[in-house]
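So the structure is just underneath, and the comments pick up after that.
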Amino acid sequence: MEPSPTKLPTKPLKKFFFDDCVFYVLENVYEPAEDTCLLAENLRVSKNDFVLDMGTGCGILGILAAKKARSVIAVDINPYAVRCAKVNAKLNRVKGKMNILRGDLFQPIGGGEVFDVILLNAPYLPSEPEEPKTWVEKAWAGGPNGRELIKRFLFEAPKYLKTDGRIFLVQSTLSDVGETMWTLKKARLRANIIAEEKVAFETIVVIEARFKKHKRSI
C-alpha cells in the first residue's frame, strides 16, 4: 500500500539549485537533470499566464513558472513528488500561486479548464516491459519505444490548450522526435525545436507547439 502524502518524510536527500531558487529532492522523487534544466532555461512564461506543469516531480518547472505567471496547476502521479513539490513551493514563496494535485496526466484537471502554457518533461527513455518498479524508475521509463506517456499526452493536451497557448515538451532522440512532430502537426499544432543538447548517446530537445493560425479570407 502506498503511504499517505501527509505522512511522507520531509527530510531532503539532496538539494538542487537553479537561478536564485533552491529545491529539496525527497526520497522516491526524480532528481532534476539535463532535460529539466534545458526546459527551465527555455521556459517562456508571461505574467498573466495560466500554466499547467504535467509530471511536476520536485516542482522545479512549475515553481519557476509561478515566479512569473498568474497561477500554476502542477500534477504528478507520484505521492512523494506531490509532497515534495508542496514543500518546494512553500520554500520558494510561490505556494499561494500553485495548486499541486495528484493524478494520472489530465485526470485531476477540470474538463472546462484551458491553459496558456502546458509543460511536460515526460518519461521518454525506452524500457523493458517489466520496468518500472520504483517511483524514480517510473519518472524516466517510457516503455519499449519510450513513447507510452508521450503518446497519451499528445492525444489529450490540445483539448486543454487555449487557441493562442503553447506547449513545451522535453524529449530525447531515443524516443522518435519525428513521430512527435508529426502527431502535433496532425493535431493542427505548429511545432518547432527551440533548444537541444547532446548528452551521452542521445540528444535532448525542447519542442514548442502552438495552434496554427488560419488565414482570414478577404
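Here, each number is a calculation from the coordinates, and none is a lab measurement. Bear in mind the structure is a predicted one, so any value in this text is a computation, not a measurement. Please note: Cβ atoms are built from the backbone with ideal geometry, for glycine as well, and neighbour counts cover all protein chains shown.
Working from label points 7 Å from Cα in the Cα-to-Cβ sense, the Lys186 to Thr203 distance is 2.4 nm.
Amide hydrogen proximity for Leu26: with H placed 1.01 Å from N in the peptide plane, the residues at 5 or more positions away or on another chain lying under 5 Å are Leu13. Summing +1 for each Lys or Arg and -1 for each Asp or Glu among the other residues whose beta-carbon sits under 12 angstrom from that of Met54 gives -3. Between Gly62, Asn121, Gly96, the Cα set farthest toward the positive side of the dipole of the range 30-211 (charges on each charged residue's Cβ, about the Cα centre) is that of Gly96.
Protection proxy ranking, highest mean first, for peptides 26-36, 193-203: 26-36, 193-203, where packing is the per-residue count of other beta-carbon atoms within 10 Å, averaged.
Of all the Cα-Cα pairs you can form in the chain, what percent are over 32 Å apart? When all Cα pairs of the chain are counted, 13 percent exceed 32 Å.
Between Arg44 and Gln107, what is the FRET efficiency for a Förster distance of 35 Å, r being their Cβ-Cβ separation, to the nearest 0.05? The calculated FRET efficiency here is 0.85. Dipole check for the chain: with +1 at the C-beta of Lys and Arg, -1 at the C-beta of Asp and Glu, and the Cα centre as origin, the magnitude is about 1240 Debye. Counting only DSSP beta bridges with both residues in the chain, the antiparallel share comes to about 50 percent.
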